[in-house]
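All remarks here apply to the structure that follows.
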Amino acid sequence: MSRLPTITFASNDLPEEGNLAVLSDKSLTLPDALAGEGVNRALDVAKFEGSKGKSTQILCPADTALDKLIVLGTGDLNDLEEQDWLNFGGKLQSIIGEGETSILVPDTHQAVAMAQGAVLSAYKFDRYKTKSGGKKDDKKKSKEGQSLTFLTDDPKAAKKAWEAASGIVDGVMLARDLVNEPANVLTPKDFAKRAKKLTKLGCKVTVLHGKDMDKLKMGALMGVARGSRNPPRMAIMEWHGGEKDDKPIAFIGKGVTFDTGGISLKPGAGMGDMKGDMGGAAAVTGLMHALAARKAKANVVGIIGLVENMPDGDAQRPGDIVTSMSGQTIEILNTDAEGRLVLADALHYCREEFDPKFMINLATLTGAILVALGKEHAGLFSNDDDLSEQLSAAGKVTHEKVWRMPLTKAYDKLIDTKNADMKNIGGRYAGSITAAQFLQRYVGDTPWVHLDIAGTAMDSGSSDINSSWASGWGVRLLDRLVADNYES
Ligand code: BES
Ligand code: MN
Ligand code: ZN
């Protein structure tokens, strides 16, 4: 990973020299020390009007000893939400260049949010750009990097808040790293190793191997795994931050480290993107990192099913019938509908082992969700209105938006088959819904949400706080869900 900005918080005495960034609405009321003839004229010439996200830079502003004054427009201050401050931080980070910059943000909460946005915006996946290969990047690396000092009313409180806030950012970046990592590097075994690293933060991490999952009769997951030379894993991450006897809340992730489709092989074009088919597992791992790093007062379990879907001589075939851990049998009619098979066993295992308060699973499950919702919303499927509402509300805060989709008996019938309890594909239509109906057959009466993140976990376009292929979608959303509803 490239160098990230150094973040510090200090009291809000304006620096006498160097680079300073300030935020302003259309009133352009700058701090006294800056509001001189020269600065005002420069803003005038630049036609700076304080509109949201628009910025201007004034070099060697007259009336000051500063090298550079950057003014970022906020638009109407009354309209601003928390996410706007992350976006402002991201925007500033991307325009200020290398070196030291002080940023004047009196409100501590806003300063911390800006710092989060700045670090997220700086994230790059450039681990594999070697010296000889990437000349441009070399030049950058030789420089000093960015150092951002937020000048704020209560730097002590800001530093304290940053301990938690930076843990969340680290969780998002961990999720991005995992999704960006190619599948030759991030095999199920390697992914499990990375999950194991959460023990350093105080998580209990258990890793199941193939023989353990065979013993547990996870025939659905193991059926997918047999097509690959890279053996499967299941990682179970536990964070005990709540009351001792409090039931845990649970997050389950699809972790297909590469999805070729198996014997129902995918077409070649764009198949490389399927290195990101573990976006759900990445989000769960990033979330567990975030929660542990900020010592969330909740009991949480994260379970990720890790397999590679490959077309080997021993791979499962269309027409095969497997028995899932729940005892329900599945006729595999398309080996490319593998995510639901992995999740079927992970969800059932989660219920059996933890009897959680609720289960939320995340999965890059269907291409059809891209057809329905594009990259703007993740699909939300649920048997619980309250949990759905809580997620919707959290999504409005973090701008990781969800859109609820239907689940009904009529859709459920579409996965009936005469040869087994169910088949792993529906018909031609409503592909995301039939996939969700399939999952619902494994959750019983546990409150449950399935988030289909095929459109949001990767390649979802860049934003003020992300320029990488992987977005880390879901980490901030779920951290917020926990913080707002499930901490004692
Ligand atoms: N991993 C894919 C879904 C996917 C597609 C994720 C595009 C991200 C981007 C999933 O395993 C899959 O192949 N789904 C099939 C299901 C079909 C065979 C019923 C699909 O969407 O085509
Ligand atoms: Mn597939
Ligand atoms: Zn898949």
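The values are calculated or read from the model by the stated rules, or taken from the named source; none is laboratory data. A quick note: this is a predicted structure, and the numbers were derived from the prediction, not measured. Virtual Cβ from ideal backbone geometry, glycine too; neighbours counted across all protein chains shown. Ligands, DNA and RNA are stripped out before the accessible areas are found, and what is left, the full protein with its side chains, is counted by its heavy atoms. Shrake-Rupley method; radii C 1.70, N 1.55, O 1.52, S 1.80 Å.
Check the range 282-300 and report whether any residue there is of a type in the set (A, V, I, L, M) and within 13 Å of ligand 3 (Cβ to nearest atom). Looking through the range 282-300, none of the residues is of a type in the set (A, V, I, L, M) and within 13 Å of ligand 3 (Cβ to nearest atom).
Residues considered: GLY379, GLY431, GLY472. Of these, the only one that is within 30 Å of GLU181 (Cα to Cα), more than 16 Å from ligand 3 (Cβ to nearest atom) and of a type in the set (Gly, Ala, Ser) is GLY472. Counting only strands (runs of 3 or more DSSP E) that fall entirely inside the range 352-451 and contain at least 1 residues that are open to solvent by 30 Å² or more (accessible area, probe 1.4 Å) and touching a residue at least 12 places away in the same chain (Cβ under 8 Å), the qualifying elements are 402-404. Give the range 303-360 a look and list any residue that's within 16 Å of ligand 1 (Cβ to nearest atom) and on the phi > 0 side of the Ramachandran plot, or say none. The answer is GLY319, and nothing else. Restricting the range 232-278 to residues that are without any contact (Cβ under 8 Å) to a residue 12 or more places away in the chain and within 16 Å of ligand 1 (Cβ to nearest atom), which is surrounded by the most Cβ atoms within 10 Å (Cβ to Cβ)? If we take residues in the range 232-278 being without any contact (Cβ under 8 Å) to a residue 12 or more places away in the chain and within 16 Å of ligand 1 (Cβ to nearest atom), then MET271 is surrounded by the most Cβ atoms within 10 Å (Cβ to Cβ).
Being touching a Leu at 6+ places or on another chain (Cβ under 9 Å) and assigned to a loop (DSSP other than H, G, I, E, B), is that true of even one residue in the range 473-485? Scanning the range 473-485 turns up at least one residue that is touching a Leu at 6+ places or on another chain (Cβ under 9 Å) and assigned to a loop (DSSP other than H, G, I, E, B).
Counting only helices (runs of 4 or more DSSP H) that fall entirely inside the range 137-229 and contain at least 2 residues that are open to solvent by 30 Å² or more (accessible area, probe 1.4 Å), the qualifying elements are 155-180, 188-196, 210-215. Taken over the range 311-346, the criterion of being farther than 19 Å from PHE251 by Cα, away from ligand 2 (no atom under 16 Å from the Cβ) and assigned to a loop (DSSP other than H, G, I, E, B) is satisfied by GLY313, ASP314, GLY319, SER324, GLY327, GLN328.
Kindly indicate whether GLU238 is out of contact with any helix residue (DSSP H, G or I) (no Cβ under 8 Å at 6 or more places or on another chain), within 13 Å of LEU198 (Cα to Cα) and away from ligand 3 (no atom under 11 Å from the Cβ). Taking the combined requirement at face value, the residue satisfies it. Being open to solvent by 60 Å² or more (accessible area, probe 1.4 Å) and either more than 13 Å from ligand 1 (Cβ to nearest atom) or closer than 16 Å to TRP473 by Cα (or both), is that true of even one residue in the range 283-302? Yes: one or more hits. Is it the case that the range 78-90 has a residue that's over 26 Å from the mean Cα position of the chain (by Cα) and of a type in the set (Phe, Trp, Tyr)? No - not one qualifying residue is present in the range 78-90.
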